[in-house]
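Only the coordinates and a few stated rules stand behind these numbers; no lab work does. The model shown is predicted, which means the values in this text are computed figures rather than measured ones. We place every Cβ from the backbone using ideal geometry, glycine too, and count neighbours over all the protein chains shown.
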Amino acid sequence: MAPFMAPLGAACGGQRGWVPAFRQILACMFVSVISSCTSASDFTQRPSSLYRGLQKPSDPTPEEAAASQAAAEDARRAEQEYLALRGDEIRAQFTAALAGPGFDDIRDIWTRCDAVGKHDDFETTAEFEGRKEAFCSTVFFLDMHDIPRGSGATVLNAQLHRAAEERTRQVKYDMDRRVLLVRLANVGLFHQIALFEETTTTHYTGCNAFGVTIDVDRLTGKSYMVEFLNQNQLVPKGNRVPANDFDEDWYVDVPMEPEVAKKRMLGVRIAVAVTVDSDASHRVDLLRQDATISSPYDTSLLLHKLKCRIEALIAYDADTGALFHVCVAPKKPRS
């Protein structure tokens, strides 16, 4: 660098005179850039954007506070109107379903979801999008108690479902709050419920590297599961009781006077009204478990999982079909 800077040093009065000159040049350049961006008065009259971000926001004016309160009141009123209208729609649809086709089959919903996401060559994009939108707005009703079972599914049922004798946990009464706590289902900790299983169980003798033999149950087949996306809006954590290491019991509050509860509590059932989140809300996972000495089960299952949004929880009388209570989910936020 010395030969290159030599002319500058000579011009500045000596071999090392270029150093203060170079610093002066840099200082001039800095002042020039700052002057072109803002004037000196800006620094004294206006804080920087960073400083403004750290300032405590000023209290709203009375007009702003009133406008904010009015907007919140309008939003609350609109939400109440939505819940009332949506509740009437679901009551009518559920009553018609009980009187006619009954509950929806998770396998049929899965098949329709799989088909709706495929764009046919002989339909326009608008027709394709309209078909998907119509499907995702369709309400399906799922029965959470009399769950259909496939043959030979005893091993998986022990893991994912309540046993038959556990129906005693189905209903409780809270005298302090005057509500009937109705068990929604024995739900996996990932908010999944297996609604149908089609499995086959066979047996064989297994042997490990040490020559130890054991009788093994081989379970193969498929399971259809629903995964809830907005359960926190409808089932508070206080209504969730651990059932075992894998599952929770969810309880739904059903307002009911004690005299009525004593007569009707054993006939109360819970149904779930759901919509499929999108045409891409289904997937297939493989559940694979090799047999061991301590757990002699060889499991290979295809899990068909369907993501759904709960539209409402419905408490009804299994004997008469009368509706006790409909808990509607808040409106889905716009994405």
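Find out how many positive minus negative residues lie around ASP290, taking Lys and Arg as positive, Asp and Glu as negative, among other residues whose Cβ is under 13 Å from that of ASP290. With Lys, Arg at +1 and Asp, Glu at -1, the neighbours total 0.
Of the peptides 200-210, 131-141, the order by per-residue mean of other Cβ atoms within 10 Å, starting with the highest, comes out as 131-141, 200-210. Summary of packing: across the peptides 172-182, 63-73, the per-residue average of other C-beta atoms within 10 Å ranks them, highest first, as 172-182, 63-73. By the beta-carbon count within 10 Å of each Cβ, the least crowded to most crowded order of SER281, SER295, fewest first, is SER295, SER281. The string of couplings for region 214-222 from the Karplus curve (6.51, -1.76, 1.60, θ = phi - 60°) is 7, 6, 10, 9, 9, 10, 10, x, 9 Hz, one whole number per residue in order, with x for Gly and Pro. If R₀ is 25 angstrom, what is the calculated FRET efficiency for the pair THR213 and SER300, using the beta carbon separation as r and rounding to 0.05? After rounding to 0.05, the efficiency reads 0.75. Peptides 218-227, 93-102 ranked from most to least packed, by the mean per-residue count of other Cβ atoms within 10 Å: 218-227, 93-102.
The HN-Hα couplings worked out from phi for region 103-118 by the Karplus form 6.51 cos²θ - 1.76 cosθ + 1.60 (θ = phi - 60°) are 6, 7, 8, 4, 5, 5, 4, 4, 4, 5, 5, 5, 7, 5, x, 9 Hz, whole numbers, x standing for Gly and Pro.
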